Amino acid sequence: MSLNAMAGKPAPKEMLADISMLVDNYWNRRPDPENQAQLVSFGTSGHRGSSSACTFNETHILAITQAVCEYRAKAGITGPLFIGMDTHALSLPAHKTALEVLAANNVDTRMHTGGQVTPTPLVSFSILSHNSAHAGERADGIVITPSHNPPEDGGFKYNPPHGGPADTDVTDAIEKQANELIKTGLGGVKRMPYEAALASGHIREFDFITPYVEALPQIVDMQAIAASGLRLCADALGGSAWPVWQALARRYSLDLEVANAVNDAQFSFMTLDKDGKIRMDCSSPWAMAGLLAHKDEFDLCFGNDPDSDRHGIVTPQGLMNPNHYLAVCVDYLYRSRPGWKQNMGVGKTLVTSAMVDKVAAGLGRRVYEVPVGFKWFVDPLLQGLCAFGGEESAGASFLRMDGKPWSTDKDGIILNLLAAEMTAKTGLNPAERYSLLTEKYGVSYYERLDAPASGEQKQLLKKLAASDVTASSLAGEAITGIFTKAPGNGAAIGGLKVSTANGWFAARPSGTEDIYKIYAESFVSAAHLAALQQGAQELVSQTFAANIKP
């Protein structure tokens, strides 16, 4: 994708979302039950859409919430349901709709005090905390968020009692039932008026922030951060993290400034992303241009997306590549957590930098490589199979200092605090620590790009077997591995990964566009990376030609 001329520049007024129209469309527009594109569709991060496109409207939330109620009843989930939301314009109306259905289904629901916004990691933390204390009364959760997506979008995701993103078997069941309800005119949906729901006794206020903030020393050395005197800045990007940052700054007496602690559903303060859209992506240097302009005023800065499940680390050297920071986290954590058992491995997605593999090998730790999606880290974190799980898109979580689970969903807050801890305790910020890793393991050249693919080609790529690939070399090197299943858990990756001694590529079909995504990494040079990318496209094209009849 070419760089938009407006990337990194303030969003012009004419680009800002019409909030009143979005909300009006949410309540008044209805999806066409015969139009597949307007039905419920759960991706890796739940159902997402926009009210203007008839893909995220009251109808969808009524149906999805009813389907969740029916699922949890069948699954025997009798504990409370913790519900959170972010600051997108469609999150509040969807929150209200969900509460009407939950109360009518007699679901004991916990919402944040005063109906305030609630970050994703705090919902996961609350589910696990409840379930560890009430084994016979399992809790689950809902988070209403489209993550870092543009202001026009809405999102809805379900977290079962394990606290993390629901697996495919769960989301498939919810999606199927929700669409059945839509097609039959919502006749099976139970609901009550919003005020009646709040007065029903089924909806209770709950303080999500205080227990989370009080427990932070169990996972991050807050005392070291406080004693260091580091000048810190947390950019909430107008999202749900800002009340948490303010609370923990007060609790631990941190020298921390919270930027963009505003409730602005237009996100008018944002600078435009690479493609010229408003997107609250804390891992994008263009979206983070506002914070980067002030990086020299602080020892360390960091950001979170609207639901706070992603992290962005800014040092005086600039915004860190998420892959680089994950490698630094692995190197630091496994050296500084004596309570972590030696058999606890390192979790990474198959498109995350191989620098993580090199660091793990240097630590004598096994790598647990899984398909894309944080749901694959849920069981490994709960079981202690992995002490850390991270993905290249700036999402990660890790265990408490004693080796017990903290969250099974991505937690951008603790990842940002960890950057402050390592800076405080080692005297080197994360970027400086990454430079040391490159001296030891080599320089990584990593990039993701897109290539065209028809619907038939995408389906082939998704269902490919390793035996379908006949090539023996890539970018001048012998192929050492061909994978269509993840080495860590044997799950289908929905694409292809090919590795050589000094590089690799992975190809995955897009779920929404006629393209496939190519991830590639070289430990030789930028020219070798380009050769890997060219070789990847040639190999995939040859595979298409050999397996698709004209």
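The values are calculated or read from the model by the stated rules, or taken from the named source; none is laboratory data. Just so you know, these numbers come straight off a predicted model, no measurement behind them. Quick reminder, even Gly has a Cβ in these numbers, built from the backbone with ideal geometry, and neighbours come from all protein chains shown. All accessible areas refer to the heavy atoms of the entire protein, side chains included, with ligands and DNA or RNA removed. Shrake-Rupley method; radii C 1.70, N 1.55, O 1.52, S 1.80 Å.
Take the conditions (1) modelled with pLDDT of 95 or more; (2) open to solvent by 10 Å² or more (accessible area, probe 1.4 Å); (3) farther than 19 Å from residue 221 by Cα; residue 386 misses just one of them, which is (2).
Residue selection: residue 275 fails the criterion of being within 19 Å of residue 232 (Cα to Cα) and touching a residue at least 60 places away in the same chain (Cβ under 8 Å).
Yes or no, residue by residue, for (1) more than 27 Å from residue 240 (Cα to Cα); (2) aliphatic (A, V, I, L, M); (3) touching a Phe, Trp or Tyr at 6+ places or on another chain (Cβ under 8 Å):
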position: 362; (1), (2), (3): yes, no, yes
position: 399; (1), (2), (3): no, yes, yes
position: 423; (1), (2), (3): no, no, no
position: 437; (1), (2), (3): yes, yes, no
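Number of residues in the stretch 118-138 that are part of a loop (DSSP other than H, G, I, E, B) and either buried (at least 24 other Cβ atoms within 10 Å of the Cβ) or of a type in the set (Asp, Glu) (or both) equals 3.
In the stretch 144-163, the qualifying residues are those that are in a loop (DSSP other than H, G, I, E, B) and closer than 21 Å to residue 130 by Cβ, and the one that is most open to solvent (accessible area, probe 1.4 Å) is 162.
The residue of the stretch 389-409 that is farthest from residue 338 (Cα to Cα), among those that are open to solvent by 20 Å² or more (accessible area, probe 1.4 Å) and either among the charged types (D, E, K, R) or part of a helix (DSSP H, G or I) (or both), is 392.
Kindly indicate whether any position in the stretch 204-213 is farther than 20 Å from residue 310 by Cβ and surrounded by 20 or more Cβ atoms within 10 Å (Cβ to Cβ). Give the derivation first.
Keep residues of the stretch 204-213 that are farther than 20 Å from residue 310 by Cβ, which gives 204-207, 210-211.
Still in the running and surrounded by 20 or more Cβ atoms within 10 Å (Cβ to Cβ): none.
Looking through the stretch 204-213, none of the residues is farther than 20 Å from residue 310 by Cβ and surrounded by 20 or more Cβ atoms within 10 Å (Cβ to Cβ).
Restricting to the stretch 54-67, and then to whatever is polar (S, T, N, Q) and part of a helix (DSSP H, G or I), can you tell me which residue is surrounded by the most Cβ atoms within 10 Å (Cβ to Cβ)? My answer is 65.
If the condition is being surrounded by 20 or more Cβ atoms within 10 Å (Cβ to Cβ) and closer than 25 Å to residue 308 by Cβ, then the stretch 102-117 contributes 102, 107, 109, 110, 111, 112, 117. Evaluate the stretch 313-332: report whether one residue or more is in contact with a strand residue (DSSP E or B) (Cβ under 8 Å, 6 or more places away or on another chain), part of a loop (DSSP other than H, G, I, E, B) and open to solvent by less than 10 Å² (accessible area, probe 1.4 Å). No, the stretch 313-332 contains no residue that is in contact with a strand residue (DSSP E or B) (Cβ under 8 Å, 6 or more places away or on another chain), part of a loop (DSSP other than H, G, I, E, B) and open to solvent by less than 10 Å² (accessible area, probe 1.4 Å). For residue 96, indicate whether it is closer than 18 Å to residue 123 by Cβ, modelled with pLDDT of 95 or more, more than 23 Å from the chain's Cα centre (by Cα) and open to solvent by 10 Å² or more (accessible area, probe 1.4 Å). Taking the combined requirement at face value, the residue satisfies it. For the stretch 1-53, residues that are in a strand (DSSP E or B), touching a strand residue (DSSP E or B) at 6+ places or on another chain (Cβ under 7 Å) and within 30 Å of residue 167 (Cβ to Cβ) total 5. Scanning the stretch 281-316 for residues that are of a type in the set (Ser, Thr, Tyr) and under 11 Å from the mean Cα position of the chain (by Cα) returns a single hit, 308.
Provide a single number: the residues in the stretch 349-374 that are touching a residue at least 40 places away in the same chain (Cβ under 8 Å) and either farther than 17 Å from residue 412 by Cβ or surrounded by fewer than 24 Cβ atoms within 10 Å (Cβ to Cβ) (or both).
Residues in the stretch 349-374 being touching a residue at least 40 places away in the same chain (Cβ under 8 Å) and either farther than 17 Å from residue 412 by Cβ or surrounded by fewer than 24 Cβ atoms within 10 Å (Cβ to Cβ) (or both): 15 in total.
Is one or more of the residues making up the stretch 472-490 farther than 26 Å from residue 524 by Cα, assigned to a helix (DSSP H, G or I) and open to solvent by 20 Å² or more (accessible area, probe 1.4 Å)? The answer is no; no qualifying residue exists. The criterion of at least 3 residues that are among the aliphatic types (A, V, I, L, M) and more than 29 Å from residue 97 (Cβ to Cβ) is met, among helices (runs of 4 or more DSSP H) falling completely within the stretch 198-269, by 222-228. Do we find that residue 28 is loosely packed, with under 14 Cβ neighbours inside 10 Å, of a type in the set (S, T, N, Q) and either over 27 Å from residue 241 (Cβ atoms) or within 25 Å of the chain's Cα centre (by Cα) (or both) in this structure? So residue 28 fits the description; yes.
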